[in-house]
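A.B. asks: Got a structure here, written out as structure tokens. Questions coming.
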Amino acid sequence: MLPKKCCAECHFFVREIVTGESANTIVMEISREHRDAAKVGDWSWVRHLEHFKCSYGVWDEMYMADKATRQLRVVDTNRRGFCFFWRFRPGMFQPAAKELQERESARKQASIEHWLTIVGLWVAGAALFVDVILRLKGQ
């Protein structure tokens, strides 16, 4: 079964193509069709002189040349909770996706902190209430 949050479903899963003798590279989006093919283990669409990477810098095949682990790294590894996973949005440029992912992450963190503050206030209020009751009984 495919993990909910795998690189094949992430916006930051990109292909990098080496062009010319000066080793210039072009980073390109991976289409939905190619992502779907990868999910079932079909990598026949991969061109020579290209490799895959996380544009957020989590991993890069150029530095991990073991193509045998590609399926494990891109499809089978669940990235939930320890990665910059952000659902693929066709046509969105990487800088915009990074900014929106960071905003979403900050919003989630703020929401958690807000909830913890409210719980803390309720606990403090309950403690004050108990303290007042105990002081009144002691008089």
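The values are calculated or read from the model by the stated rules, or taken from the named source; none is laboratory data. Everything numeric in this text was worked out from a predicted model, so none of it was measured. Cβ coordinates were reconstructed from backbone atoms using ideal geometry, including for glycine residues, and neighbour counts include every protein chain displayed.
A.B. asks: Given the conditions (1) surrounded by 10 or more Cβ atoms within 10 Å (Cβ to Cβ); (2) touching a residue at least 60 places away in the same chain (Cβ under 8 Å), which single one is not true for Gly91?
C.D. replies: Exception for Gly91: condition (1).
A.B. asks: Can I ask one more? Looking at (1) surrounded by fewer than 12 Cβ atoms within 10 Å (Cβ to Cβ); (2) within 20 Å of Lys108 (Cβ to Cβ), which is the one condition that is false for Asn78?
C.D. replies: Just one mismatch for Asn78, condition (1).
A.B. asks: Sticking with this structure for a sec: Please list, ordered by first then second residue, the pairs with beta carbon atoms under 6 Å, 6 or more apart or interchain, first in segment 8-20 and assigned by TED's automatic domain parsing to the domain that holds Glu50, second crowded, with 19+ Cβ neighbours inside 10 Å and charged (D, E, K, R).
C.D. replies: Listed pairs, sorted by first residue: Ala8/Arg35; Glu16/Lys53.
A.B. asks: A follow-up question, please. Out of the residues in segment 47-80 meeting the condition of being touching a residue at least 60 places away in the same chain (Cβ under 8 Å) and in a loop (DSSP other than H, G, I, E, B), tell me which one is farthest from Gly20 (Cα to Cα). Talk me through it step by step, then tell me what you get.
C.D. replies: To start, the set of residues in segment 47-80 that are touching a residue at least 60 places away in the same chain (Cβ under 8 Å) comprises 73-80.
Imposing the further condition that a residue be in a loop (DSSP other than H, G, I, E, B) reduces the set to 77-80.
Details: Thr77: 33, Asn78: 35, Arg79: 34, Arg80: 37 Å.
Checking each candidate, the answer is Arg80.
A.B. asks: Quickly run through segment 100-115 and pick out the residues that are among the acidic types (Asp, Glu) and surrounded by 11 or more Cβ atoms within 10 Å (Cβ to Cβ). Break it down into steps so the answer makes sense when it comes.
C.D. replies: Within segment 100-115, the first condition is being among the acidic types (Asp, Glu), and the residues that meet it are 102, 104, 113.
Selection gives Glu102, Glu104.
A.B. asks: What's the number of the only condition in (1) farther than 18 Å from Glu9 by Cα; (2) loosely packed, with under 10 Cβ neighbours inside 10 Å that Ile133 fails to meet?
C.D. replies: Among (1) farther than 18 Å from Glu9 by Cα; (2) loosely packed, with under 10 Cβ neighbours inside 10 Å, the lone unmet condition for Ile133 is (2).
A.B. asks: Arg15 - would you say it is surrounded by 17 or more Cβ atoms within 10 Å (Cβ to Cβ), assigned to a helix (DSSP H, G or I), more than 13 Å from the chain's Cα centre (by Cα) and among the basic types (Lys, Arg)? Explain how you work it out, then say what you get.
C.D. replies: Numbers: surrounded by 17 or more Cβ atoms within 10 Å (Cβ to Cβ): yes; assigned to a helix (DSSP H, G or I): no; more than 13 Å from the chain's Cα centre (by Cα): yes; among the basic types (Lys, Arg): yes.
Taking the combined requirement at face value, the residue does not satisfy it.
The rows are residues; the columns are (1) farther than 30 Å from Met28 by Cα; (2) outside the structural domain of His11 (by TED's automatic domain parsing); (3) not small (Gly, Ala, Ser).
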residue	(1), (2), (3)
Phe82	no, no, yes
Ala97	no, yes, no
Glu102	no, yes, yes
Ala106	no, yes, no
His114	yes, yes, yes
Ile118	yes, yes, yes
Leu121	yes, yes, yes
Ala126	yes, yes, no
Phe129	yes, yes, yes
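A.B. asks: Name the residues in segment 27-53 that are of a type outside the set (Phe, Trp, Tyr) and in contact with a Lys or Arg (Cβ under 9 Å, 6 or more places away or on another chain), would you? Outline the logic, then answer.
C.D. replies: The first filter runs over segment 27-53 and keeps only residues of a type outside the set (Phe, Trp, Tyr), leaving 27-42, 44, 46-51, 53.
Within segment 27-53, Val27, Met28, Glu29, Ile30, His34, Ala38, Val46, Arg47, Glu50, His51, Lys53 meet the criteria.
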